[in-house]
1. What are the residue pairs meeting all of these: first residue in segment 199-224, first residue farther than 18 Å from Glu185 by Cα, second residue part of a loop (DSSP other than H, G, I, E, B) and modelled with pLDDT under 95, Cβ atoms under 6 Å, and 6 or more apart or on different chains?
2. Regarding segment 62-84, can at least one residue be identified that is closer than 21 Å to Leu22 by Cα and touching a residue at least 60 places away in the same chain (Cβ under 8 Å)?
3. Search segment 147-176 for residues being surrounded by fewer than 18 Cβ atoms within 10 Å (Cβ to Cβ) and of a type in the set (Asp, Glu), and hand back the single one that is modelled with the highest pLDDT.
4. Which residues, taken from segment 2-32, are surrounded by fewer than 18 Cβ atoms within 10 Å (Cβ to Cβ), touching a strand residue (DSSP E or B) at 6+ places or on another chain (Cβ under 7 Å) and within 24 Å of Leu160 (Cβ to Cβ)?
5. Go through segment 185-224 residue by residue and tally those that are outside any loop (DSSP other than H, G, I, E, B), open to solvent by less than 30 Å² (accessible area, probe 1.4 Å) and either in contact with a Lys or Arg (Cβ under 7 Å, 6 or more places away or on another chain) or not small (Gly, Ala, Ser) (or both).
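The values are calculated or read from the model by the stated rules, or taken from the named source; none is laboratory data. Note that the structure is a prediction, hence the values are computed from the model and not measured. Virtual Cβ from ideal backbone geometry, glycine too; neighbours counted across all protein chains shown. Areas reflect the complete protein model, heavy atoms only, side chains present, ligands, DNA and RNA absent. Shrake-Rupley method; radii C 1.70, N 1.55, O 1.52, S 1.80 Å.
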Amino acid sequence: MKLLLTSAGVRNASIQAALVGLLGKPIAEASALCIPTAMYGHPMVGPGWRAWQFIAGKSAETPMVELGWKSMGVLELTALPSLDADRWVPQVREADVLLVAGGDALYLAHWVRQSGLADLLPSLPDTVWVGLSAGSMVMTPRIGEDFVNWTPPAGGDAALGLVDFSIFPHLDHPSLPENTLADAERWAADIAGRSYAIDDETAIKVADGAVEVVSEGHWKRFGG
């Protein structure tokens, strides 16, 4: 699987070019599934109108669904355990990209596992996962205690661990006074391994084991 791990979606030309490069085709020729599940677990974003806004492509500040895809569907992870695999697995395999909303990373990690999607991901080498905030953090080994809202049954702050670094999103966001560089440095010291603090104009591209920061803003790497 190829990854484009963003803080706030496909917000600038550099991130969009990285996305097109990972897809290997124009966005207008690519089929997508959007995953709103993370939104339900976070008190600031769902459930409710924000989930509809994401699915409907009305999130202008965090563009994902509204980029002009050839086709768009919804993959709701909380529904999948009640369905036979042949009802949803073929749709995931046929999609060029999964667009994964922000919200609560641990809630999302729980449902990626519970739904069976985690078991399917290793068999999707050409699919692109585009994460937004928590949709990016879910791929990391740990999110850090600062970002724990919903508590998983086993506790802790472990996510899926499909990459070997952690992400501090929304660096220096004007509406998030707790997301300064000094806060990121304290968070990184607790994480201990390699990590990145990225602002909303930055993304991390992962393909064939190579990690590349794509940015029209600012970011900082810690450790490793």
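1. none
2. yes
3. Among them, the one singled out is Asp164.
4. Listed by number, the list holds a single entry, Ser31.
5. 11
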